[in-house]
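Some notes on the structure that comes next.
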Amino acid sequence: FPVLAIAALYGYLMGSVPYGLLITKAAGLGDVRNIGSGNIGATNVLRTGRKGLAAATLLADALKGTIAVLVAGRFGQDAALAAGAAALVGHCFPVWLGFKGGKGVATYLGVLAGLYPPGLLVFAVVWLAVAFFSRYSSAAALTAMVLVPPAIWFGPGIALSAEKRAAFEGDHRVAAVMAVMSLLVIAKHHTNIRRLIAGTETKIGSKG
Ligand code: G3P
């Protein structure tokens, strides 16, 4: 048990570093929370007009999740799952920002990369397809949140014989944890969901 608690604390601290805020501040753009949606994520950093900074935010917010999973993973899959989920919680509720953090899409992606790399492909294809056609970052992310957990659950099993399928049992645990993480990310997008329904959501690249 102490190992899981330490993994969760480590994951939380890794996830709680608000890279979008730090990167835009370092670039002299002030507080990114005062622009666009007020979010600290890559989508909102893009609203500063600085594509490189948005890409750096996406990468840093994702990698902190991947690193948390890979480091904790040295102590077993339970530790990896605990650290990954905690990294997402850390990003969404960072103690340093009064628990008002981001929406978790990039960190979810990074945790997915660490726990189940083939899931990245599913996430990328779904996200890019929805973003391309809708131009809504939020809608793209929300669709990926719904489709990734079942893709992990069923993914390789569909193509395998009954005996070989047994070897993928562990993926069901990953799928279950990712499903809970999806629920958190979806909950964090409640204002986006309301705007999507009202038809007032901001499209990718526009200032909002
Ligand atoms: O996860 C970020 C994206 O889905 C929405 O970001 O800034 O439009 O609320 P934003």
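Table for the structure above
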item	result
Neighbours by Cβ (under 6 Å, 6+ apart or cross-chain): first from segment 21-43, touching a residue at least 12 places away in the same chain (Cβ under 8 Å) and part of a loop (DSSP other than H, G, I, E, B); second within 13 Å of the ligand (Cβ to nearest atom) and among the hydroxyl-bearing types (Ser, Thr, Tyr)	LEU29/THR48
Among (1) within 14 Å of the ligand (Cβ to nearest atom); (2) free of Cβ contacts under 8 Å to residues at least 60 places away in the same chain; (3) surrounded by fewer than 18 Cβ atoms within 10 Å (Cβ to Cβ) - the single one ARG135 does not satisfy	(2)
Every residue from segment 181-194 that is without any contact (Cβ under 8 Å) to a residue 24 or more places away in the chain and among the basic types (Lys, Arg)	ARG194
Matching option when the condition is of a type in the set (Ser, Thr, Tyr), modelled with pLDDT of 95 or more and in contact with an Asp or Glu (Cβ under 9 Å, 6 or more places away or on another chain), among THR66, THR107, THR57, THR143	THR107
Test: GLY102 is part of a loop (DSSP other than H, G, I, E, B), surrounded by fewer than 23 Cβ atoms within 10 Å (Cβ to Cβ) and either polar (S, T, N, Q) or within 16 Å of the ligand (Cβ to nearest atom) (or both)	no
Residue within segment 60-78 that is more than 30 Å from ASP171 (Cβ to Cβ), among the aliphatic types (A, V, I, L, M) and either assigned to a helix (DSSP H, G or I) or touching a residue at least 40 places away in the same chain (Cβ under 8 Å) (or both) present	no
Segment 39-52, residues that are surrounded by fewer than 16 Cβ atoms within 10 Å (Cβ to Cβ) and either modelled with pLDDT of 95 or more or within 6 Å of the ligand (Cβ to nearest atom) (or both)	LYS51, GLY52
Residues within segment 166-181 that are surrounded by 14 or more Cβ atoms within 10 Å (Cβ to Cβ) and modelled with pLDDT under 85, tallied	2
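The values are calculated or read from the model by the stated rules, or taken from the named source; none is laboratory data. This is a predicted model, so every value here is computed, not measured. As a convention, Cβ positions derive from the backbone with ideal geometry for all residues, glycine included, and neighbour counts pool all protein chains shown.
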